[in-house]
Amino acid sequence: MQKLRFHTLDVFTDSPFSGNPLAVFTDADALPTTLMQQIARELNLSETVFVGAGQPGNHFPMRIFTPGGEIPFAGHPTIGTALLLSELELLDPQQRGALVLEQRVGPVPVQLEGLGAGAVARLRTARLPEISSSTLKRHEAAALLGLQPEQLVADPVVAGCGLPFVLLQIRDVAALGSISLDLSLWRRLLGAQPVSNLYCFSLQGGEAVRARMFDPANSIPEDPATGSAAAALAGYLAIQAAAPGSYRLRIEQGLEMGRASLMLTRVEVGPEGPEAVYVEGQARRISEGAFLLG
C-alpha cells in the first residue's frame with residue numbers, strides 16, 4: 001500500500017486555526033492529474049498543492065488544485081509551500097533564502113526572511129497586472145451581493161496578475177460584512193462567464209483594506225485569504241494612482257469567517273506603469289498525515 005504524505009498549514013497568519021488552510025504534498029512527481037483532483041476534492045480545502053522534485057537553484061514544480069479544478073496561480077499556496085519547504089529543510093542551504101515555484105502561470109520567485117514562527121515569504125507575481133471591463137453592471141453586482149447600488153463605489157472591473165477576479169469596491173466595512181451572495185443570481189449572471197470569482201473590498205484609509213472573496217465556480221463559498229486577488233487589487237489601485245512610486249496595502253480578509261488573515265502587498269510603478277507586484281505573509285504548520293492508496 002502506497003502512503004502519500006502531506007502537511008497542512010494555516011497561511012497568511014502567525015496563529016493556528018486562523019488564516020487560510022492549505023494542504024501540500026511534497027513528493028508528487030508520479031501522481032496523475034486525475035488523482036490530484038480527487039485528493040483536492042477529498043480534502044475540500046480552497047487549494048491543495050502538489051510539489052515535484054526540486055531542481056538546481058531551488059526550483060520546484062508545483063500544481064494547484066481547488067475542489068473544482070486546477071488553477072494557474074494562487075498566493076496562499078505559494079506562500080505556504082515556500083515556508084513549508086524551508087521548514088522541512090528541503091531547500092539548498094546555499095540558497096536557502098530564495099526559491100522559484102514553477103506554476104502554470106510561469107515561474108514565481110519567492111524570497112524568505114527569518115526562521116521558525118517569525119518567518120515571512122514574499123512572492124513576486126509572474127505577470128504584471130492586467131485590467132479589463134466586466135460584463136457585470138453595478139446594479140447587478142449590488143443585487144448579487146444583497147446590497148443597494150449606492151453601497152458600491154464604482155462599476156465592477158476585472159483585474160489579475162495571472163488569475164483574474166471581478167473587483168467590487170464596497171463603500172464601508174458594515175456593507176462588506178453584510179454581503180449575502182445570491183447563488184441563483186450568480187449562476188444566471190456569471191456562471192457561464194470566464195471570470196466569475198468576486199473580490200469585494202473596502203478602503204479604510206491609508207494602506208488599510210478589508211476584503212472578502214467568493215468563488216462558487218471552484219466550490220469555494222468564501223475564501224479566508226486570497227493572495228492572487230490581493231495582487232490583483234494592489235496592481236489595479238496602483239494603476240489608478242497613475243504616478244510612479246511604491247504602493248503598499250495591508251489587506252485583512254477572513255474576519256467574517258472567524259479566520260483572520262493578513263496580506264501585505266507592494267507594487268513598484270515606473271514611468272511606463274507597474275514593474276513588479278509583491279505579496280507577503282506568514283504561515284503555521286498545523287498537521288501532517290498520509291493518504292493510503294492501493
Counting only residues that are among the charged types (D, E, K, R) and touching a strand residue (DSSP E or B) at 6+ places or on another chain (Cβ under 8 Å), which one in segment 126-154 is farthest from ALA231 (Cα to Cα)? ARG138
So which strands (runs of 3 or more DSSP E) are wholly in segment 41-84 and hold at least 2 residues that are modelled with pLDDT of 95 or more and aliphatic (A, V, I, L, M)? 48-51, 59-66
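Determine which member of the set PHE50, PHE65 is over 24 Å from ARG96 (Cβ atoms), touching a Lys or Arg at 6+ places or on another chain (Cβ under 9 Å) and among the hydrophobic types (A, V, I, L, M, F, W, C).
Exactly one of PHE50, PHE65 is over 24 Å from ARG96 (Cβ atoms), touching a Lys or Arg at 6+ places or on another chain (Cβ under 9 Å) and among the hydrophobic types (A, V, I, L, M, F, W, C), namely PHE65.
Table: residues versus (1) in a strand (DSSP E or B); (2) among the aliphatic types (A, V, I, L, M); (3) within 15 Å of the chain's Cα centre (by Cα).
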residue	(1), (2), (3)
PHE201	yes, no, yes
SER228	no, no, yes
VAL267	yes, yes, no
GLU280	yes, no, yes
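So is ILE251 farther than 21 Å from ALA74 by Cβ and not polar (S, T, N, Q) or not?
No; evaluated as a whole, the condition is false for this residue.
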Residues in segment 21-42: is at least one closer than 25 Å to ARG250 by Cβ and surrounded by 15 or more Cβ atoms within 10 Å (Cβ to Cβ)? yes
Inside segment 268-294, can you point out the residues that are closer than 15 Å to GLY75 by Cα and either in contact with a Pro (Cβ under 6 Å, 6 or more places away or on another chain) or hydroxyl-bearing (Ser, Thr, Tyr) (or both)? TYR278
What are the residues in segment 142-188 that are within 30 Å of ALA276 (Cβ to Cβ) and part of a helix (DSSP H, G or I), if any? VAL173, LEU176
Of all residues making up segment 135-174, the number that are over 13 Å from VAL195 (Cβ atoms) and touching a residue at least 60 places away in the same chain (Cβ under 8 Å): 1
So which residues in segment 62-81 are farther than 18 Å from ARG5 by Cβ and either buried (at least 17 other Cβ atoms within 10 Å of the Cβ) or of a type in the set (Val, Ile, Thr) (or both), if there are any at all? ILE64, THR66, PRO67, ILE71, PHE73, ALA74, GLY75, HIS76, THR78, ILE79
Selected residue (only one of PRO149, PRO156, PRO129 is under 21 Å from the mean Cα position of the chain (by Cα) and within 25 Å of GLY177 (Cβ to Cβ)): PRO156
With the condition kept exactly as written, say whether any residue in segment 9-25 is without any contact (Cβ under 8 Å) to a residue 60 or more places away in the chain and out of contact with any Leu (no Cβ under 6 Å at 6 or more places or on another chain). yes
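I'd like the residue in segment 282-292 that is part of a strand (DSSP E or B) and in contact with a helix residue (DSSP H, G or I) (Cβ under 8 Å, 6 or more places away or on another chain) and, out of all such residues, is farthest from LEU84 (Cα to Cα).
Per the criteria, the residue is PHE291.
The values are calculated or read from the model by the stated rules, or taken from the named source; none is laboratory data. Quantities reported herein were computed from a predicted structural model and do not represent experimental measurements. Heads up, the Cβs are rebuilt from the backbone with ideal geometry, glycines too, and the neighbour counts pull from every protein chain shown.
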